[in-house]
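What follows is calculated from the coordinates using simple rules that are stated; it is not laboratory data. Everything numeric here is computed off the predicted structure, so don't read it as measured data. A quick note on method: Cβ atoms are made from the backbone with ideal geometry, for glycine too, and the neighbour counts reach across all protein chains shown.
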Amino acid sequence: MPGVGEGVKQLQAAYGNSITEMPSIHGMPRLKIKIDDVPVIAHYLHTHPNLRGALSLLWAVDHRPREAGYELCYLFTLAAHKDWLLLCTDLPGDTRLFRSITPHIHAAKWYEREIRDMFGLIPVGHPDMRRLVRHEHWPKGAHPLKKDFPWDRVLERTQGEYVFRQIEGEGVFEVPVGPIHAGIIEPGHFRFSVAGEPIMQLEVHHFWKHRGVEKLFEREKLTEAVPVAERVSGDTTVGHSLAYCQAVETLMQMNVPRRARYLRSLFLELERLHNHLGDVGAICNDTAYTLAHAHCSRMKEQLMQLNDRLTGSRFLRGTMTIGGVSKDVSAIQRGEVVDLVDRIEQDFSELESIIFANASLTDRLEATGVLTERTAWDHGVVGVVGRASGLDQDVRRDHPFAAYDELPVKVVRYRYGDVRARMRVRMDEIHESIRLIREIGHKIPQGPIVAATHHMPQPSEWALSAVEGWRGEILYVVMAGENGQIHRCKVRDPSFVNWPAIQWAVVGNIVPDFPLINKSFNLSYAGNDL
Amino acid sequence: MFRILKKSLKTGVVTGRHPEVAQPGESVTSEAHEKAKPFRQSLTIREVDTGSCNACEMEMNALTNPVYDVERFGIHIAASPRHADALVVTGPVTVNMERALKDVHKQTPDPKLVIALGDCAINCGVFKGSYAVTGPVDRHIPVDVRIPGCPPRPSEILQALEKLREEEKGF
């Protein structure tokens, strides 16, 4: 399969008239496209057997006050070598309409609705024009990411009702669940249409927790927004803060010292480890197998206490800083880490053999909540969920960051896409993370842990960064503004792309299996709602 | 079966194996202490997330793990506010969750306690002032106990709950 260079040539050969090549951004090719030709070109890029571009991110920028107008950017990942290719298009002046690509590319569905809500730009031809982020009680015309919308505006309440998709027929019922659920979990609303026990349709109605994170970023200076990034999704503190730091470092042309890059990988793997352990336990718990849950949460607790001893935070908060890390790990502490993960590996292996010997557990997990590879690819599913459905992707291997260029990662992959496959991916990744932590313990070099710079990016310069958090690919786009302010920060938690996919995974399953399927996805509500 | 028993024996009892709280938190006010009197023997909690980053949820969940095992103190987590004696609220109250929070508060039978857990619930934390946030919690419902931290450690939550329910001195 051709690389991204040939891909660009192929696109230019096919649609030369509507494409202008722009200077590449940090090695990523960028094409400027006439606004009306976006759907055709996106469709070609998505479906051509040579290219098979998957939409990874779609975001908008309001360029005011520097210039009047909006810009839309479509980030595609090409199947071969996982290269990125960026398509951009301008909406000059008062233009508020753009043509939707959703009829061709499922993955754009939520992005375009999000852009409509946040910027007031209208995706013409989008099959679902209901509000997404703005709930119906928000006043008309409130589009928070427009530059003329004050960050602290108090929203008045208006009347309005969200209309769910309905299935009608004899014996068809709707089951509403949420926003407040039975367990200690985050709020979200699920609407099932059922005929008897099997689910005919699920509609996810989220964004209850929308806190205006992207707007809050725009108030901060580039160098001071790490605490906000840490609180986008608390369980992914390291993943989000690392992704943010990397984007800013690219903008400020910083070279992170080698030791700091190793420490970043160490913290990221520790985060992956305790979350995966918690998930394996929680999946077992949702089949009423509390023994495995008790053992897993005990091990998870050991790791969180270790985090606390290492950094003073059980969630590793305050470890990432622009240019490196703010907490060093001494040789003695390193020994403690390796010692603990060794013990946990032994402990967990014993538990695995107990789990796999349990036939009734396997019966609940197998063939439950199947997400096929095709559906997963169509929706651009990432991370653990994608790998359990056979998608071969991992940012640590495809776009190495931190120390992963020196620490090759074995990408775990299962094909069946059921709950069991998602649990197996996590179990195997637990072993892989432990192996990586051990390797980091051996290989970590001496040296400084933070770099300095005086370079300040020009306004409207921007950078993209990707991190494989424990859920999957986290993307940040940071654009600089005047005097080191942030002009725009696009945050994409893996949950945002995986939530729509869960609606397909549950079809045909019975309602009592939904909590189990949901747990096997274990998506963040906070990271999704922003 | 043998494998499971062996594993349990090898693991032993882990309850209570956690570091002590370094600095004792602010003590519970005497009004809250008085209000908690009916719940000294048994306290049932309903947790409500009104926009937290989910770290507080993880720490609440950790309370039920074998290390903290909150049930041994007679503290239970309920699945419905109708069963609850106390609401634990986390997160700055978002515009979209405001109604739901008030509903839950109304649904919880009196007498009841409201515990604001974490900095966001107490003062909105980093989300303070945002267009999408209408909090903090005490703007919408009366709060009896505040447990600060971002997020508070499980041992700190445990300590605050213990303080709330301890017998008055001299009894």
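Counting only the Cα atoms, chain A fills a convex hull of 146 Å³ per residue. Can you pick out the pairs among A:109/A:519; A:410/B:7; A:327/A:443; A:300/B:163; A:82/A:215; A:519/B:102 whose Cα atoms lie more than 21 Å from each other? Violating the 21 Å limit, Cα to Cα: A:109/A:519; A:410/B:7; A:300/B:163; A:82/A:215; A:519/B:102.
Over all orientations, segment A:377-465 has a Cα convex hull whose mean projected area works out to 8.6 square nanometres.
Helical runs assigned H by DSSP (4 residues or longer) give chain A a calculated mean residue ellipticity at 222 nm of -12000 deg cm²/dmol, each run adding -39500 (n - 2.57) before division by the residue total.
Only Lys, Arg, Asp and Glu carry charge here, each on its Cβ (+1 for the first two, -1 for the last two); on that basis the protein assembly as shown has a dipole of about 420 debye about its Cα centre. Note on segment A:317-467: Kirkwood radius taken over Cα pairs, Stokes-Einstein applied at 20 °C and 1.002 mPa s, translational D equal to 116 µm² s⁻¹. Listing A:170, A:136 from fewest to most neighbouring C-beta atoms within 10 Å gives A:170, A:136. Among beta bridges from DSSP that stay inside segment B:43-165, the antiparallel ones total about 5%. Extents of segment A:90-242, taken as max minus min of Cα coordinates on every principal axis and listed largest first, are 57, 41, 34 Å. Dipole size of segment B:1-152 about its Cα centre, with +1 on Lys/Arg Cβ and -1 on Asp/Glu Cβ: approximately 600 debye, rounded to the nearest 20.
Where Rh is the Kirkwood radius over the Cα pairs of segment B:43-165, the temperature 37 °C and the viscosity 0.692 mPa s, what D in µm²/s does Stokes-Einstein return? Result for D is 232 µm²/s. Could you pull out which residues in segment A:129-146 have an amide N less than 19 Å from a spot 7 Å beyond the Cα of residue A:94, following the Cα-Cβ vector? Backbone N within reach: A:141-143, A:146. The Cβ shell under 15 Å around residue A:514 holds other residues with a net charge of -2, Lys and Arg each +1, Asp and Glu each -1. Kirkwood hydrodynamic radius of segment B:86-149, from the reciprocal of the average inverse Cα-Cα distance over all distinct pairs: 11.5 Å.
Taking the alpha carbon gyration tensor of segment A:4-124, multiplying each eigenvalue by 5 and rooting it gives semi-axes of 23, 16, 13 Å, largest first. Across segment A:313-328, rounded Karplus estimates of 3J(HN,Hα) from the backbone phi angles (6.51 cos²θ - 1.76 cosθ + 1.60, θ = phi - 60°) give 9, 5, 9, 6, 6, x, 8, 8, 9, 4, x, x, 10, 9, 10, 8 Hz, Gly and Pro being marked x. For segment A:486-530 and segment A:310-379, what is the separation of their Cα centres, given in Å? Their Cα centres are 19 Å away from one another.
What separates the Cα centres of segment A:386-447 and segment B:66-94 is a distance of 35 Å. When +1 charges are put on Lys and Arg Cβ atoms and -1 charges on Asp and Glu Cβ atoms, the dipole computed for segment A:384-530 relative to its Cα centre reaches about 460 debye. Based only on Cα atoms, what Rg/Rh ratio does segment A:240-371 have, Rh being taken as Kirkwood's radius? We get a ratio of 1.08 for segment A:240-371. I'd like the FRET efficiency for residue A:374 and residue B:83, computed as 1/(1 + (r/R0)^6) with the beta carbon distance as r and R0 of 30 Å, rounded to 0.05. Step by step, r from the Cβ atoms, then E = 0.10.
Taking other C-beta atoms within 10 Å as the exposure proxy, A:394, A:339, A:90, B:85 rank A:339, A:90, B:85, A:394 from fewest upward.
When A:154, A:228 are arranged by Cβ crowding within 10 Å, least crowded first, meaning fewest neighbours, the order is A:154, A:228. For segment A:476-509, the residues whose backbone nitrogen is under 13 Å from a point 7 Å from the Cα of residue A:461, taken along Cα to Cβ, are A:479-485.
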